[in-house]
1. At 0.36 nm per residue, minus the direct Cα-Cα distance, what do residue 206 and residue 82 gain on full extension? Give it in nm, one decimal, please.
2. Residues in the range 10-50 near a label at residue 100, defined as backbone nitrogen under 15 Å from the 7 Å Cα→Cβ point?
3. Could you pull out which residues in the range 31-46 have an amide N less than 13 Å from a spot 7 Å beyond the Cα of residue 69, following the Cα-Cβ vector?
4. Once you sort the root eigenvalues of the Cα gyration tensor of the range 21-73 as a ≥ b ≥ c, which label holds: rounded (a/c under 1.5), prolate (a/b larger than b/c) or oblate (the other case)?
5. Would you please give the FRET efficiency between residue 270 and residue 44, computed as 1/(1 + (r/R0)^6) with r the Cβ-Cβ distance and R0 = 45 Å, to the nearest 0.05?
6. Length gain on complete extension for the stretch residue 113 to residue 29, per 0.36 nm per residue less the alpha carbon to alpha carbon distance?
7. Once the Cβ-Cβ distance between residue 192 and residue 124 is put in as r, and R0 is 30 Å, what FRET efficiency do you end up with, to the nearest 0.05?
8. If I model a spin label as a point 7 Å beyond the Cα along the Cα-Cβ vector, how far apart are those points for residue 5 and residue 219 in nm?
């Protein structure tokens with residue numbers, strides 16, 4: 001591993017708001033790469049790794065964050081070698097945790113350590129802890145669309161923050177993703193296929209040109225789902241436009257109501273209804 005990479009540690013207990021402030025600290029230190037919970041972030045994009053917050057247990061999450069699993073450290077080392085960062089901000093809950101990450105990734109020693117109390121007030125840290133305990137929410141310092149694939153079906157909320165450090169500096173916008181991991185003691189939730197079918201039917205209600213949804217089939221994959229819809233259309237409408245509108249509306253509603261990552265929606269016209277014919 002390159003020995004001229006400047007390593008800065010950002011340290012604070014779990015739930016005190018490190019990820020929330022990671023972009024701010026990185027910018028203040030002129031750093032464009034961040035390692036947080038086993039992912040490498042560059043310019044608000046995930047460039048390597050899979051978030052430790054996807055783990056099923058707290059112990060697994062900690063091991064992932066330390067790059068302790070087979071192949072995990074090698075993948076990250078390859079990414080760092082390819083990207084050639086001149087500096088990396090590494091987040092950790094303690095000095096020891098950051099030092100273990102540095103050792104496992106064969107990075108140079110930490111040259112500077114920033115602690116959460118240096119950039120956050122006691123009141124702000126207590127608020128962060130309160131939200132973590134009561135709502136089980138964690139922040140990942142990248143936009144929601146960047147991690148949607150990895151967190152399909154998790155609670156995902158975007159958090160946008162406008163930053164301006166005073167006259168003579170350039171204001172900037174950061175977007176972060178708030179998730180509730182699977183090991184949250186608040187429990188998990190399951191969305192049945194029937195719920196998704198109901199969402200599709202509801203999405204079709206206000207679209208002129210759709211007579212009825214005949215069948216909806218859901219196929220689930222690790223990174224999301226594919227929805228197959230069979231419809232009966234109304235005669236007299238531009239059928240391709242009607243089907244395109246249903247696809248857009250169904251995808252938007254599933255995304256908004258469930259946080260599921262919709263890989264594709266495929267619509268098939270199975271019939272054409274002509275008003276006045278065969279109406280009861």
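FYI, it's all coordinate maths here, none of it is from the lab. Remember, it's a predicted structure, so these values are computed and weren't measured experimentally. Backbone-built Cβ (ideal geometry, glycine too); neighbour counts: all protein chains shown.
1. Details: separation 124, 0.36 × 124 = 44.64 nm, distance 5.01 nm.
That pair, residue 206 and residue 82, stretches by 39.6 nm at full extension.
2. Counting backbone N atoms under 15 Å from the label point, the list is 12-14, 37-38.
3. 38-39
4. Values: a/c = 2.60, a/b = 2.06, b/c = 1.27.
Because a/c hits 1.5 or more and a/b exceeds b/c, the range 21-73 counts as prolate.
5. Numbers: r = 43 Å, r/R0 = 0.96.
After rounding, the FRET efficiency stands at 0.55.
6. On the way: separation 84, 0.36 × 84 = 30.24 nm, distance 1.11 nm.
So the chain would gain 29.1 nm between residue 113 and residue 29.
7. Numbers: r = 39 Å, r/R0 = 1.31.
Taking R0 as 30 Å, the efficiency between residue 192 and residue 124 is 0.15.
8. It is 3.9 nm.
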